[in-house]
Every structure is written in structure tokens, then in C-alpha cells.
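In what follows, a single structure is set out as C-alpha cells and then discussed.
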Amino acid sequence: MDYAYKLIAIGLYFAAMLAIGFYAARKNTDLDDYMLAGRRMRPSVAALSAGASDMSGWLLLGLPGAIYAAGLVEAWIAIGLTVGAWLNWRFVAPRLRAYTEVARNSITIPSFLENRFRDRTRVLRIVAGLVILVFFTFYVSSGMAAGGKFFESSFGSTYLFGMLLVAGITVVYTLFGGFLGASLTDVVQGLMMLAALVAVPTVAIIELGGWGEVVSSIQAADASLAEGGNRLSFFANATWVGIVSALAWGLGYFGQPHIIVRFMALRSARDAVVGRRIGIAWMAICALGAVLTALVGIAYVQANAGVTLEDPETVFLALSQVLFHPFVAGLVLAAVLAAVMSTISSQLIVCSSALVEDLYKLVGREASPRSGLWLGRGGVVVVSLVALLLALDPESSVLELVAFAWAGFGASFGPIVILSLFWRRFNTWGALTALVVGAATVFWWGNMPDDAWGGAFALYEIVPGFVLAALAGIAVSLATYRGDPEIDAEFDEAVAVSRGADITVSPATV
């Protein structure tokens, strides 16, 4: 019967996601609607959507597992991500929202770069589109594989069945709902993640007799370790390279296409203020919940002699199964699926936009609004099929690319986005150089042995990649800059709009 309750909860979640996708499909009339929701997104939707599409299963599985195993020293990643997200909302969001509309209503990052620099060669747009398409196809594949493993471990199904089920549901609501469908489902998924990450540690703390008992149990557990330990310390067994590397995850936010595209969909630049408050509050609560889940997990295992945990990354799932009614536990399992599926759907839309808007349209003729809508849906299907093929083997080396995909996007696109928005002399050749240098550095650095150069390569590859890309972009731009009155006027207009000048927007809102 317990099994049936969990299946009912998962089934209700799937049904809700499909319903939202079909609802959103009725709002899509052209490619702009499908890719960017017509720039009518409320800040609350954009904030929750950005958070849910960002965190994925890492927030509910990876982070609690790392802290369970090593202690609060692993929490530096959460701190770095929270600071990076705040800076992204504070500085990038309003300027990007304003500039992408001023620059010929650009609806993708590659099209914005081409319009921003008046790049008639179209080389920058093509290279940027290809980088996005390749990296995110692998990313989507990894998410589908995670769905397969989830059903395999949670319900005893085959890997293939679980992967096809998760992929099928996600592709269907994304296929019809587009960016709006992905964003609205992200809101539901984000709220599910928030509720689960508040409920699990709260109930566990009450069950254990209060926070004082939790701390005592953790200390007892640490004392019982053969090598000793202090999992309540942020600095136990820490190195400066490790802390800097963890904090540097925050640099990745500036270059993640599936996150910053939410800024472009806001109703106006002014909405970024509300979006920032909602988004960072959601992120801070969820990160704290993930940290507390790991700590109470340590205490719960210590206090219950018959309880064991073979895989630290299952601490969130294990606690939910013993603390809640099976139906509620099923909803918590659905929250884990929500984390995975929200990321897949967002990345599918970005891949589709890169395929259709940034590559197909450069070699094909201009499509009608209706045709453009179906081209976008076709892009989702194409990317999904390729990702499915890559994910058929759960042990495929493709999944290893996910480890540095965040760094790849952050180091290649991050400096470009910042310099494009805040430095008027940045140009096409500087951006192209930064894109190539950032991606190449991440690939090279990430594949070097950690102990090379006296341990320097243990530093997270986003740090050298970001720094070198920025320096290369600045140097090449200074060497090749030629003033353009039209570009300068557009830059000034974007600055004015981002600071509150009025622009014309549709009265309809999402």
C-alpha cells in the first residue's frame, strides 16, 4: 500500500505538469512567445523559474550528500552560489532586460551579441549558438539519465523505463508550452522544492528533540569516526584552494543562458528589483534547508542504531521515507523529480532557440509567426532525440561533461555578458576571443591532473577561465575598437532604460 501511495503522488505531479504545459500552449502564437513568453513575465515567475531551473537535483541530493559526508566545509559552494545569484539579479538583470529589447528586440543571447556589436559576419552568433547547443545537449542528456536512475533506485523499475518516462513527460509539456510552459512548471516545481526542504529538516529536528540534541548527536558521530572529524566547522580540513573554488561557483551565474534568459523575459527592467528579492529569498531558504537536512541526517543515523545510510546523497530521500506518511513521502520524491525536470525543460528551450533562431534562420528564409512557432517545437524534438540517444547508456562518458559544463558556460559567456552590458568599447572580436579563450581554458584546465604545478590545477577551472577570457576580451577590444555612433547611442539608451526610463510593453502579463 505504501508503494501505491507514492505512485499516486508521482502520478498527480506528472498530470499537473502536463496540464500546465497545455495551458501555456494556448498563449503561444509566434516564436517570440514560444522562446521568451512575449516579454510579459512577472518578476515572481521569473525569480522562481530561474531558481528551479538552476538548482536541479544538486540542491536536494548533491549538496546534502556532500555535507553529510564532509561537513559544513562543503557549504561554501552554497554561499558562493547565493552571492553570485544576488550579483546577477542586482547588476545583470536590469541592464540585460533593457539592452536586449533596445538592441533590435533580441530574444537569445547569441542574437543579442550580434545586434549589440552590429556583427555583419555573423561568426560570433554562429559560434555562440553552437557552444550553447553542444553543451546543453549533453546537459539535457544528463538530466534524462538522472530521471532513469531515480526511478531505478526509488521504484525498482528499469533505467530505460524511468529515463523514457521522465524525458517523455518533460518533452511534452515543453514542446507545447514553450518558455511559458517551462517557466510556469518551474514555479510549481520551485515551490515543491522549497516546501520539501523546509519540511524534512523541521520535522526531523522535532523528532530528535530539538536543535541541542541534533548538535550533541553530530558531535557524538564525529567522535566515533576513526580519523576524528568536526562536521560542524566551515574550516575543518579546508584549504584556500578548496574554499576559493567553492565560492567561485558564483561566477558561473553570469554566463548561464537558461538562467539569464529569464531576465530578458521580464516585463521591464524595473521588475528586476522584485525578482531579486523573491529569487534570493527562495534560494537562501532552500540552501539552508539542504544544509540542515544533511546535519539532521547525521544526527538521526547516530540516534537510531538500526538505521544506516550507504549513499550520503540519499539522505534527503531516506529522511522523507521514515518521517512522513507514504503519500507525503511520494510528494517529496516528486520534488526531487521536479528539480531534475525543471532544469531539463529550461535547457530544452535554450537549445531550441539556438537551433532555430541562431542557426537555422541564418541560412533559411524568414518564417511566418505560425511557422516560427512550429520550428521552435521542432527544435525541442530534435534536441530531445539526440539527448535521449546520448543518455541510453547510464555510464556514458557524456555525463562527465556535466562536471565542467557550469564552468564552461560561466567562463565563456560570463565575461562577454558583463562586458557587453557595461563597457561600450567592447566589440565583436573581443567577444569572440573571450568566448574561445574561456571555453578552451576550462577544457584544458579541467582535464589536467590536480597535483600539476604544485597543486594549482586543483583550483576550479572557472577561475582561470573567467579571468583569462575577460583579459583577452578587453585586450583584443582595445586593439581593434572603432567608434560607431549608432552603437554608442544604443548603449546610452540601454543604460537609461535600465535605470528606469519608460519603454513600451504589452499590457498583458504572465
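Within the range 1-49, the set of residues being more than 28 Å from ALA85 (Cβ to Cβ), at pLDDT below 85 and of a type in the set (D, E, K, R) comprises ASP2, ARG26, ASP30. Scanning the range 166-199 for residues that are of a type in the set (A, V, I, L, M, F, W, C), touching a Phe, Trp or Tyr at 6+ places or on another chain (Cβ under 7 Å) and closer than 21 Å to GLY279 by Cα yields a count of 2.
Among the helices (runs of 4 or more DSSP H) confined to the range 1-56, the ones with at least 3 residues that are over 19 Å from TYR173 (Cβ atoms) are located at 2-25, 43-55.
The residue that is nearest to the chain's Cα centre (by Cα), counting only those in the range 93-104 that are surrounded by fewer than 24 Cβ atoms within 10 Å (Cβ to Cβ) and in a helix (DSSP H, G or I), is ARG95.
Would you confirm whether or not the range 286-296 contains a residue that is surrounded by fewer than 17 Cβ atoms within 10 Å (Cβ to Cβ), at pLDDT 90 or above and of a type in the set (A, V, I, L, M)? There is at least one residue in the range 286-296 that is surrounded by fewer than 17 Cβ atoms within 10 Å (Cβ to Cβ), at pLDDT 90 or above and of a type in the set (A, V, I, L, M).
Scanning the range 441-467 for residues that are aliphatic (A, V, I, L, M), modelled with pLDDT under 80 and under 17 Å from TRP240 (Cβ atoms) turns up just one, ALA456.
Kindly provide the set of residues from the range 51-81 that are closer than 16 Å to LEU197 by Cα and of a type in the set (Phe, Trp, Tyr), ordered by number. Residues satisfying the conditions are TRP58, TYR68. Taken as a whole, the structure leaves TRP58 outside the set of residues that are touching a helix residue (DSSP H, G or I) at 6+ places or on another chain (Cβ under 7 Å) and either farther than 13 Å from ARG262 by Cα or of a type outside the set (A, V, I, L, M) (or both).
Consider the range 463-497 and keep the residues that are over 26 Å from ALA269 (Cα atoms) and not in a helix (DSSP H, G or I). The one that is nearest to the chain's Cα centre (by Cα) is TYR481. Within the range 12-33, residues that are touching a residue at least 12 places away in the same chain (Cβ under 8 Å) reach partners that are assigned to a loop (DSSP other than H, G, I, E, B) and surrounded by fewer than 22 Cβ atoms within 10 Å (Cβ to Cβ) with beta carbons closer than 8 Å, at six or more positions or on different chains, in the pairs LYS27/VAL510; LEU31/ALA367; ASP32/ASN105; ASP33/LYS27. When every residue of the range 180-190 is checked against the conditions, none turns out to be over 20 Å from SER44 (Cβ atoms), in a helix (DSSP H, G or I) and hydrophobic (A, V, I, L, M, F, W, C). Within the range 303-322, identify whether any single residue is among the β-branched types (Val, Ile, Thr), part of a helix (DSSP H, G or I), more than 20 Å from ALA75 (Cβ to Cβ) and without any contact (Cβ under 8 Å) to a residue 40 or more places away in the chain, and answer yes or no. Yes, some residue in the range 303-322 is among the β-branched types (Val, Ile, Thr), part of a helix (DSSP H, G or I), more than 20 Å from ALA75 (Cβ to Cβ) and without any contact (Cβ under 8 Å) to a residue 40 or more places away in the chain. Restricting attention to the range 58-76, report how many residues are buried (at least 24 other Cβ atoms within 10 Å of the Cβ) and within 19 Å of the chain's Cα centre (by Cα). Total satisfying the criteria: 4. Among the residues of the range 416-440, those that are modelled with pLDDT of 95 or more, more than 16 Å from ARG125 (Cα to Cα), assigned to a helix (DSSP H, G or I) and out of contact with any Leu (no Cβ under 7 Å at 6 or more places or on another chain) comprise ILE418, LEU419, PHE422.
Filtering the range 67-85 to residues that are of a type outside the set (A, V, I, L, M, F, W, C) and part of a helix (DSSP H, G or I) leaves TYR68, GLU74, GLY80, THR82, GLY84. Test ILE132 against the criterion of being assigned to a helix (DSSP H, G or I) and within 15 Å of the chain's Cα centre (by Cα), and give yes or no. Taking the combined requirement at face value, the residue satisfies it. Report yes if ALA329 is buried (at least 24 other Cβ atoms within 10 Å of the Cβ) and of a type in the set (A, V, I, L, M, F, W, C), otherwise no. Criteria not met by ALA329. Of all residues in the range 227-261, those that are outside any helix (DSSP H, G or I) and of a type in the set (Gly, Ala, Ser) total 5.
Among the residues of the range 138-173, just one is surrounded by fewer than 24 Cβ atoms within 10 Å (Cβ to Cβ) and under 16 Å from the mean Cα position of the chain (by Cα), namely PHE138.
Of the candidates ILE107, ILE132, ILE126, the single residue that is surrounded by fewer than 21 Cβ atoms within 10 Å (Cβ to Cβ) and either among the β-branched types (Val, Ile, Thr) or modelled with pLDDT of 90 or more (or both) is ILE126.
The values are calculated or read from the model by the stated rules, or taken from the named source; none is laboratory data. Owing to the predicted nature of the structure, the values given are computational and were not obtained by experimental measurement. Glycine also receives a Cβ, built like all others from the backbone with ideal geometry; neighbour counts cover every protein chain displayed.
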